[in-house]
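A.B. asks: Got a structure for you, questions after.
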Amino acid sequence: MDAPLIALKGVWREYVSGEDRLQVLKEIDLTIEAGEMVAIVGASGSGKSTLMNILGLLDRPSLGSYHIRGRATGSLDSNELAALRREHFGFIFQRYHLLGELTARDNVEVPAVYAGTERGARHGRASALLERLGMGARADHRPGQLSGGQQQRVSIARALMNGGEVILADEPTGALDSRSGEEVLRILEELNAEGRTVILVTHDPAVAARARRVIEISDGVITADRRREASPAPASEPVSAPTARTEWADAGKGSHLTALGEALRMALLAMNAHRMRAFLTMLGIIIGIASVVCVVALGEGSRQRVLTNISSLGTNTIEVFAGKSYGDVRSAKISTLVISDADALAGQPYVAAVTPTVSTSAVIRYRAVEANALVNGVGAQYFLAKGTHLAEGRLFGTDAVKRRTQEAVIDENTRTTLFGEGVSALGRVILVGSMPARIVGVTEPQQGGFGSNQNLSVYLPYTAVQTRLIGSQSLRSITVRVADDVSSGLAEQAVTDLLTRRHGSKDFFILNTDDIRRAITSTTQTMTVLIAVIAVISLAVGGIGVMNIMLVSVSERVGEIGVRMAVGARRRDILQQFLIEAVLVCLIGGVLGIALALAFGLVFAQVQTGFSLVYSATSIVTAVVCSTAIGVGFGYLPARRAARLDPVEALSRT
Ligand code: ADP
Ligand code: MG
């Protein structure tokens, strides 16, 4: 004789809670043949559902063996169990356990989706089943729009979707009025008559009386097992239930691609059904990403502005001033810095250019226009030393310096002040104090930043200024441009040594622009660190938001995961769906977050003109990658944990 369809041997099930061990099933031995209709009756709490869940492979015995057609189930892995649930069993729950976001037809189709049945065939079969159960007109309604009896019929259709060789119904009429209950019982009888095995749990003796075999259970022990004499022999061959199917292994009919498509569709359906939840999850990501991107862009914008200012400092120069320091009141009188010092410096190998400077202020005049200007007496190498550029004309040469020629270079400010916009100044003669000078060049206006001021500057050979304006041979300062390949610190030291030797004492002080540059650069480095820290904080805050909402939304859905597994979803199916959902939410949220950040930049540009947001691709990528990782991690990991539960445990969390 063939092995029985179902054989339990010495099955125990105990629940452990803390110190307590609760034995719910004790030493159950039970054999059920294919084609039987069995009612399991007993008082509430006697262990009927526990037994049923074990029979339906939603739960495992703590001890003992469960064989299906002679094959032990204890050694099956989760995929094989899922395949059995999907292909052979149809579970009907007291509380229906339909998925609220799906229509009746979609609910019925779920087991076939996991079986990999092609879409058209699935649709057709689901519609036919619903039609047969009198639900044809309601196929497109959601569970919430159906009565209890109607929902139970949908869940019966779902149980039959992949064949439903064995129907397990746990108090299927428990929540129904008597008329709907009668209807459901009639359907179950009909299914049994077709050759399906029907196992029915009830506490109602009237319901039990409909079965040909009644098993009584009390306090976890089978106390009676009666068969009605009058019962006809079970149909030898089932009409539509494919009992001969013994292929338990995962029959992956659909390709991975269609499975992925289904998972994507499922994820979209779930997101659409819970728009608010999806939106809130996205909001965390949107705000997180937008704030990180904006903070970094703001920081980078201000940093770049500071850097522009630094570059306006010009080349790397060392300025030697007479006196002890800037404030030295005697410095004007100190006449120790002389032209021969400049000549000596010019001879040094680490010096690229040298120019002596003297300065004074004077009134400049052109026809009727007068203005106060800073008059700089400089050498021929001045612009080379300072890195200043000429907009037009030329600088006076060494010759002009030697001969005290009254040639002037003026800056853009001066040109506009004296001659007006767009008028060429070259060749015109102006009065500097009482000295006439011919304009030979105009400097380029300085780019913003430090030292950019509204002063009018006029450059003349220092020799001319010394003799005609100041009447003294001493220098205010000597500007040295250090050779490119020499460290400015070493050069500063060498200059100090040389001049100290020449003067006998250190009666001068040195201003090294490199020091200033370094100070500002280190400020911007501090800013960079600051930006990074704020960005990381924003990222963490956004991440925690995403994490929270993901955790909540998944734990809210453990019941759904249970239902899906009960109708035959593999772990992989569940994980795929949640992964896709999490990735979709994160990607859409990411795109919206970036868009929000860019929109902020546009608004900012309208309001603030000082500097603009400088977006960094790194910050955008980092923000998107991090929040996606967090979203996927916290959407996926709890789903994975839920998918590892036994279905009955997940189901109990609805
Ligand atoms: P029935 O379906 O016959 O009413 P159940 O099989 O649902 O009874 O439960 C049998 C006993 O097992 C009850 O006392 C119940 O409290 C206990 N029980 C059921 N599920 C759990 C669980 N997950 N943890 C602890 N005890 C449980
Ligand atoms: Mg029960």
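A.B. asks: Scanning for something crowded, with 21+ Cβ neighbours inside 10 Å, within 16 Å of ligand 2 (Cβ to nearest atom) and either of a type outside the set (Gly, Ala, Ser) or closer than 24 Å to GLU194 by Cβ (or both), does region 73-84 turn up at least one residue?
C.D. replies: no
A.B. asks: Tell me which residues, restricted to region 188-210, are surrounded by fewer than 21 Cβ atoms within 10 Å (Cβ to Cβ) and under 21 Å from SER49 (Cβ atoms).
C.D. replies: If the condition is that a residue be surrounded by fewer than 21 Cβ atoms within 10 Å (Cβ to Cβ) and under 21 Å from SER49 (Cβ atoms), then HIS203, ASP204, PRO205, ALA206, ALA209, ARG210 are the ones that fit.
A.B. asks: Based on this model, can you work out whether ARG265 counts as modelled with pLDDT of 80 or more, farther than 30 Å from HIS389 by Cβ, surrounded by fewer than 21 Cβ atoms within 10 Å (Cβ to Cβ) and of a type in the set (D, E, K, R)?
C.D. replies: Judged against the criteria, ARG265 is a match.
A.B. asks: Condition check: part of a helix (DSSP H, G or I), under 15 Å from MET266 (Cβ atoms), at pLDDT 85 or above and more than 17 Å from the chain's Cα centre (by Cα). Does ILE574 satisfy that?
C.D. replies: yes
A.B. asks: Pick out the one residue from LEU475, LEU490 that is within 54 Å of the chain's Cα centre (by Cα) and farther than 17 Å from ARG365 by Cβ.
C.D. replies: Of LEU475, LEU490, the one residue that is within 54 Å of the chain's Cα centre (by Cα) and farther than 17 Å from ARG365 by Cβ is LEU490.
A.B. asks: If you go through region 548-574, how many residues are surrounded by fewer than 18 Cβ atoms within 10 Å (Cβ to Cβ) and hydrophobic (A, V, I, L, M, F, W, C)?
C.D. replies: 2
A.B. asks: It is to be established whether one or more residues within region 1-21 are without any contact (Cβ under 8 Å) to a residue 24 or more places away in the chain, farther than 24 Å from SER652 by Cβ and not assigned by TED's automatic domain parsing to the domain that holds ALA82.
C.D. replies: yes
A.B. asks: Quick one: which of PRO436, PRO349 is surrounded by fewer than 16 Cβ atoms within 10 Å (Cβ to Cβ), touching a strand residue (DSSP E or B) at 6+ places or on another chain (Cβ under 8 Å) and either free of Cβ contacts under 8 Å to residues at least 60 places away in the same chain or part of a loop (DSSP other than H, G, I, E, B) (or both)?
C.D. replies: When all the criteria are applied, what remains is PRO436.
A.B. asks: Any residue in region 44-52 that is within 16 Å of ligand 1 (Cβ to nearest atom), surrounded by fewer than 16 Cβ atoms within 10 Å (Cβ to Cβ) and free of Cβ contacts under 8 Å to residues at least 24 places away in the same chain?
C.D. replies: Scanning region 44-52, I find at least one residue that is within 16 Å of ligand 1 (Cβ to nearest atom), surrounded by fewer than 16 Cβ atoms within 10 Å (Cβ to Cβ) and free of Cβ contacts under 8 Å to residues at least 24 places away in the same chain, so the answer is yes.
A.B. asks: Ok, one more. Kindly provide the set of residues from region 626-642 that are surrounded by fewer than 18 Cβ atoms within 10 Å (Cβ to Cβ) and either closer than 15 Å to ARG571 by Cα or touching a Gly at 6+ places or on another chain (Cβ under 9 Å) (or both), ordered by number.
C.D. replies: ALA629, LEU637, ARG640, ARG641
A.B. asks: Select from region 113-142 the residues that are within 16 Å of ALA259 (Cβ to Cβ), assigned to a loop (DSSP other than H, G, I, E, B) and not β-branched (Val, Ile, Thr) and list them in ascending order.
C.D. replies: GLY116, GLU118
A.B. asks: Mind telling me which of the residues ALA208, ALA175 ends up being under 21 Å from ALA566 (Cα atoms) and aliphatic (A, V, I, L, M)?
C.D. replies: ALA175
Per-residue answers, yes or no, for (1) at pLDDT below 90; (2) within 16 Å of ligand 1 (Cβ to nearest atom); (3) under 29 Å from LYS9 (Cβ atoms):
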{"residue": "GLY149", "(1), (2), (3)": "no, no, no"}
{"residue": "ASP170", "(1), (2), (3)": "no, yes, yes"}
{"residue": "ILE215", "(1), (2), (3)": "no, yes, yes"}
{"residue": "GLU237", "(1), (2), (3)": "yes, no, yes"}
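A.B. asks: If I ask for residues that are touching a Leu at 6+ places or on another chain (Cβ under 9 Å) and in a helix (DSSP H, G or I), which ones from region 603-629 would you list?
C.D. replies: Passing the criteria: PHE604, ALA605, THR622, ALA623, VAL624, CYS626, SER627, THR628.
A.B. asks: Output yes when any residue across region 174-196 is assigned by TED's automatic domain parsing to the domain that holds VAL108 and within 16 Å of ligand 1 (Cβ to nearest atom), and no when none is.
C.D. replies: Among the residues of region 174-196, at least one is assigned by TED's automatic domain parsing to the domain that holds VAL108 and within 16 Å of ligand 1 (Cβ to nearest atom), which makes the answer yes.
A.B. asks: So is ALA39 in contact (Cβ under 8 Å) with a residue 40 or more places away in the chain, within 16 Å of ligand 2 (Cβ to nearest atom) and surrounded by fewer than 15 Cβ atoms within 10 Å (Cβ to Cβ) or not?
C.D. replies: No.
A.B. asks: Does GLY56 meet the test of being closer than 30 Å to ASP573 by Cα, more than 39 Å from the chain's Cα centre (by Cα) and either acidic (Asp, Glu) or within 15 Å of ligand 1 (Cβ to nearest atom) (or both)?
C.D. replies: yes
A.B. asks: Right, here's the next one. Output the residue which, of all residues in region 373-426 that are on the phi > 0 side of the Ramachandran plot and touching a strand residue (DSSP E or B) at 6+ places or on another chain (Cβ under 7 Å), is surrounded by the fewest Cβ atoms within 10 Å (Cβ to Cβ).
C.D. replies: The extreme case among them is ARG404.
Conditions tested, residue by residue: (1) away from ligand 2 (no atom under 16 Å from the Cβ); (2) among the polar types (S, T, N, Q); (3) in a strand (DSSP E or B); (4) modelled with pLDDT of 95 or more.
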position: GLU182; (1), (2), (3), (4): yes, no, no, no
position: LEU185; (1), (2), (3), (4): yes, no, no, no
position: LEU191; (1), (2), (3), (4): yes, no, no, no
position: GLY195; (1), (2), (3), (4): yes, no, no, no
position: ILE199; (1), (2), (3), (4): no, no, yes, yes
position: VAL207; (1), (2), (3), (4): no, no, no, no
position: ALA224; (1), (2), (3), (4): yes, no, yes, no
position: SER231; (1), (2), (3), (4): yes, yes, no, no
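The values are calculated or read from the model by the stated rules, or taken from the named source; none is laboratory data. None of these values were measured; they are calculated from a predicted model. Glycine also receives a Cβ, built like all others from the backbone with ideal geometry; neighbour counts cover every protein chain displayed.
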